[in-house]
Every structure is written in structure tokens, then in C-alpha cells.
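One structure is given below, encoded as C-alpha cells.
The values are calculated or read from the model by the stated rules, or taken from the named source; none is laboratory data. Note that this is a predicted model, so its numbers are computed, not measured. Every residue, glycine among them, receives a Cβ derived from its backbone with ideal geometry; neighbour counts consider all protein chains shown. Remember, those area values only see protein heavy atoms, side chains included, never the ligands or the DNA or RNA. Shrake-Rupley method; radii C 1.70, N 1.55, O 1.52, S 1.80 Å.
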Amino acid sequence: MLQKLHGVVLYVVKYSDKSNIAHIYTEQDGQVSFLIPAVRRSRKSAVNPVLFRPFSLVEIEADIRLKSGLHPIREARIWYPLDSLPYHPYKMGISMFLAEFLYRTLQEEDGNAPLFAYLVNSIRWLDACGRDFSNFHLVFLLRLTRFLGFYPNLDDYVSGWCFDLLNACFVDGTPSHGLFLSAEESSRIINLMRMNYETMRLFVMSRNERNRCLDVIVAYYRLHLPAFPELKSLSVLKELYG
């Protein structure tokens, strides 16, 4: 059955010499896998593979087959054009990392309108931002935990307490399971959670501090999503900001 869908491109992998698989997070059906041509066959082709870059916002018409996990795309076009994100090296690095992160994280097969709106609004914000977006990926990942069900509980924070990574809360003392942050690092969690896209420029970090924050966030996700794999783009992002 032909359906028209809006989506965020996450990840493209080779399928054969003639075809690739595009993993797209759609407004209607969550993450869906689509079959696209590996190269554009002609100028009149209804599906141009160049459209399927990380974080591209696309509108597609696809043949959705209920018993298949791979759906052919009949037509594709840009749904919302991005001006800087596809061409700015730092923004490209961020988008490649976060798109791979989402591909590994968002496996549900049902639509989630608030989450989809969060993704689209975040992408548009990054695209429009002219400067001071070095902390964008940290803010994005921390706020994404609200949609995934393991947003840190900040209500019980007391200075000197440790942050329990496994139970997502602050505790007096050190948990016996050993998965926690020191009192000093735990105090920084509060500041991190105060950041948003508009205020993150006020939180100045060194390269090492930013990378440490990122390592902690990735480890936190891995604890709460046990099947979470190593990310190829993580080292690229760190090197880019070096």
C-alpha cells in the first residue's frame, strides 16, 4: 500500500551493488527501513540517493508491505530544506554522530509525535544556529532521555551526594554495584541538566571536559539500553572537536 510519510534520515547502509537501505525515523511509524537506489539512474529518477544524508528531513511515498521489513520508496523529496547543516563540517560531525546514535536507540515501530517533533525542532535549531553550538549534542542526548524513560531524577540532590547511574538518582554514599559518579562529577550533572539550546553557550567547557561529559552520557545510555553497541562516529566527533 502506498503511503506518504515525513521522516528524519538516520543511517544508510549498503544492501547490494544497486541498492542501499535507508533507516528513517518517521512521524507515523517510528523507525522504518526503506530500499533506495545506490546511485541516481537518471535526472528524471523519482528517488535521488543524495537526499538521504544524516538528519535530512524528507517526504517520501513508499510501498509499505505489512509482512516485510524493507519497503521500496517510489518518490522522495526534501520536506524541510536545511541551509547550513549539510555543509558545515562541525555540524556535519554532530549530525552524523547523533543520527547514528538515534538509529541504534529508536527501535520502536510505532509513531511518537512528541519525540518526532523534538527531533525535527532540534535539527532545525542546529541548522539555523550561527555559532556557539559546541554543547548541542550533550543537550540533545540528555533531553532525549525524557522520551526514553530514564531521565535523571534531580529532585533529591544534596551537595556531596553521588549520582547512581544505574538507578538514575542521587544517593548518600556509594552504591554497592559500583556504577556511580563521584560527588564532584555528580555536582556537574545539575549544571548539565540546566542547559538548553538557548543557554548552552554560557557553559564553557574545555575539550577534555566536553569529551568526559559525552563518555558519561554514552555509558549512561548503555546501562539503560543493554544492547547499545559501540558507535563508529563517536571517535570522529571527538577528533573533530579536538
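For the reader, a short list of remarks on this structure follows.
- Whole-Å distance, taken between Cα centres, linking region 1-32 and region 137-184: 34 Å
- Separation of region 46-116 from region 215-237 is 21 Å, based on Cα centroids.
- Residue-normalised accessible area of the chain, given per residue in Å² at a 1.4 Å probe: 52 Å²
- Cβ-based net charge around Asp156, under 13 Å, with every Lys or Arg adding one and every Asp or Glu removing one: -3
- Ser84 sits among other residues whose Cβ lies under 15 Å from its own Cβ, and their net charge, with Lys and Arg +1 and Asp and Glu -1, is +1.
- Selection of GluC sites (Glu not before Pro), region 100-162, meeting DSSP coil and at most 15 other Cβ within 10 Å: Glu108, Glu109
- Gain on full stretching of the segment that runs from Phe150 to Arg207 - 0.36 nm per residue minus C-alpha separation: 17.9 nm
- For the set Lys14/Lys91; Lys4/Lys232; Lys18/Lys238; Lys4/Lys238, the pairs lying more than 27 angstrom apart at their alpha carbons are Lys4/Lys232; Lys18/Lys238; Lys4/Lys238.
- His177 exposes around 70 Å² of accessible area when a 1.4 Å probe is run over every protein chain in place.
- Overall, the accessible surface of the chain at a probe of 1.4 angstrom is composed of carbon and sulfur to the extent of 51 percent.
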